[in-house]
Amino acid sequence: MRIHQTTIYDIAKELKISKSTVSRALTGHPEVKSETRQAVLRLAEELDYQRSRLSLNLIARKSSLIGIIVPEFNTSFFPQVVIGAQETASKHGYNIIVSQSNEQFETEVENTKVMLASQVDGILVSVTKETRSFEHLKVFERKGIPIVFFNRVCDEMLVPKVVINDYEAAFGAVEHLIQTGKRRIAHLAGPESLITSRKRLKGYEDALKKHQIPLDESLIIPYDLTLGKVKAFVKQLMELKYPPDGLFMVNDPAAIEAIQTIKHLGIRIPEEIGIVGFSNDYGSELIEPSLTTIAQPQRLMGSTAVQLLLELMDKEASQWKAITKTLDSSLIIRNSSVRLESEPV
């Protein structure tokens, strides 16, 4: 059975006035008499009249929607960022719509079209590993829709960004391995297209340089974030004439896969090889041995990005400033780099 929903026509018919008068009364139009407006509002409440979101959007010229585009949901990083963003957005009366691009540029482009069609008031974006052109995102700038990048950002667009201290975090992770006595430290490096990958690689290189450890290019392997390739890369490293005694991985999923592969090869962790990941993913504490990693303030990143977006919304486009917020990370030392507690070997 279909449930009848009260419409403007029902109110107009009951009060014997025009639909346009009802519409103007509901939106507070100054030409509607006070007694007519009060009668319309009373009846609307009695009949439980619900104005559609679309009509409200047209009146207010805002949707109260914030769009978020992320590259993937395979790790815990981006879901946690979204949670932080949603908590802050809801406190300010905004809802969010989220789309993930599955690390594909074409899907990211389609996601931006969905956001535009949804008439979002602003958008948060973290780009895919394939993204090298940003024309689809510059559309938002041209339309006066605020945009904020987070984590994976675009330097050629002068808009606000929220990142972590990737370079310093990577430097500290590699220096930690050096301080535990490791000297041949390999790095599974992320896609060169991502600024985060380049900063982590630079941190790795500079930590070696500081401690006067020669850079060995054979210990650096480019990695496109396809998890299925990690096992082969790790075996390749361990079959070198002088295999590494340390591994700095671009993210935790790769580091966890490396631990499993190295254990299968019969190599002791951390005695023969120390391993450090990046992001403090859900499984990092559960794997055996537990993974030393870089913890990132994921929810704070989402919250900060929304705050920056809201600040843009309150200003004219000519007043927008391209500030960058850099959040601190922390090194969590566990048993994959130093034997802290008794665990099965």
Checklist entry - Considering the chain as a Gaussian network with a 10 Å cut-off on Cα pairs, which listed residue, E130, E31, E106, attains the greatest mean-square fluctuation? => result E31
Checklist entry - At S318 and S34, where each label point lies 7 Å from the Cα along Cα→Cβ, what is the point-to-point distance in nanometres? => result 3.9 nm
Checklist outcome for this item: To the nearest 10 degrees, the tilt of helix 166-179 (Cα long axis) against the first principal axis of the alpha carbons of the chain is 30 degrees
Checklist entry - How far apart, in nm, are two points set 7 Å out from the Cα along the Cα-to-Cβ line at E141 and at V109? => result 1.9 nm
Item to check | Rounded to whole Hz, the Karplus (6.51, -1.76, 1.60) HN-Hα couplings of the range 119-135, x for glycine and proline | outcome: 6, 4, 7, x, 9, 10, 9, 10, 7, 7, 5, 8, 6, 10, 10, 10, 4
Checklist entry - Among V32, V127, V148, which one shows the biggest mean-square fluctuation in a GNM of the chain, springs joining Cα atoms closer than 10 Å? => result V32
Checklist entry - Angle, helix 252-264 long axis vs. longest principal axis of the chain, Cα atoms, 0 to 90°, nearest 10? => result 30 degrees
Checklist outcome for this item: About its Cα centre, the chain carries a charge dipole, from +1 on Lys and Arg Cβ atoms and -1 on Asp and Glu Cβ atoms, whose size in debye to the nearest 20 is 920 debye
Item to check | Expected-Rg normalisation [2.2 N^0.38 Å, Cα atoms] applied to the range 171-303 | outcome: 0.98
Checklist outcome for this item: Comparing R24, R184, R132 in a Gaussian network model of the chain (Cα, 10 Å), the one with the largest mean-square fluctuation is R24
Checklist entry - Which whole-angstrom value gives the distance between the alpha carbon centres of the range 191-254 and the range 279-328? => result 24 Å
Checklist outcome for this item: The extension gain from E46 to E168, computed as 0.36 nm times the residue separation minus the Cα-Cα distance, is 37.8 nm
Next on the checklist: Rounding to the nearest 10 and keeping the result within 0 to 90°, find how far the Cα-based axis of helix 77-91 lies from the longest principal axis of the chain.
Outcome noted: 30 degrees
Checklist outcome for this item: Net charge (Lys, Arg +1; Asp, Glu -1) of residues whose beta-carbon lies under 11 Å from that of V159, V159 excluded, is 0
Next on the checklist: One quarter of the convex hull surface, Cα atoms only: what value does that give for the chain in nm²?
Outcome noted: 23.6 nm²
Checklist outcome for this item: So the FRET efficiency between L15 and E311, C-beta based with R0 = 30 Å and rounded to 0.05, is 0.10
Item to check | Charge dipole magnitude, Cβ of K and R +1, D and E -1 - the range 65-210, Cα centre, debye nearest 20 | outcome: 520 debye
Checklist outcome for this item: Here the gain from full extension of F134 to K231, 0.36 nm per residue of separation minus their alpha-carbon distance, amounts to 31.6 nm
Checklist entry - Placing +1 at every Lys and Arg Cβ and -1 at every Asp and Glu Cβ, with all other atoms neutral, what dipole size does the range 8-51 have around its Cα centre, in debye to the nearest 20? => result 200 debye
Next on the checklist: Suppose the chain between I333 and L158 were pulled fully straight at 0.36 nm per residue; how much longer would it get relative to their current alpha carbon spacing?
Outcome noted: 59.3 nm
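A short reminder: the numbers here are calculations on the coordinates, not readings from a lab. The structure presented is a predicted model; accordingly, all values stated were derived computationally and were not measured. Methodologically, a virtual Cβ is constructed for each residue, glycine included, from the backbone with ideal geometry; neighbour enumeration extends over all protein chains shown.
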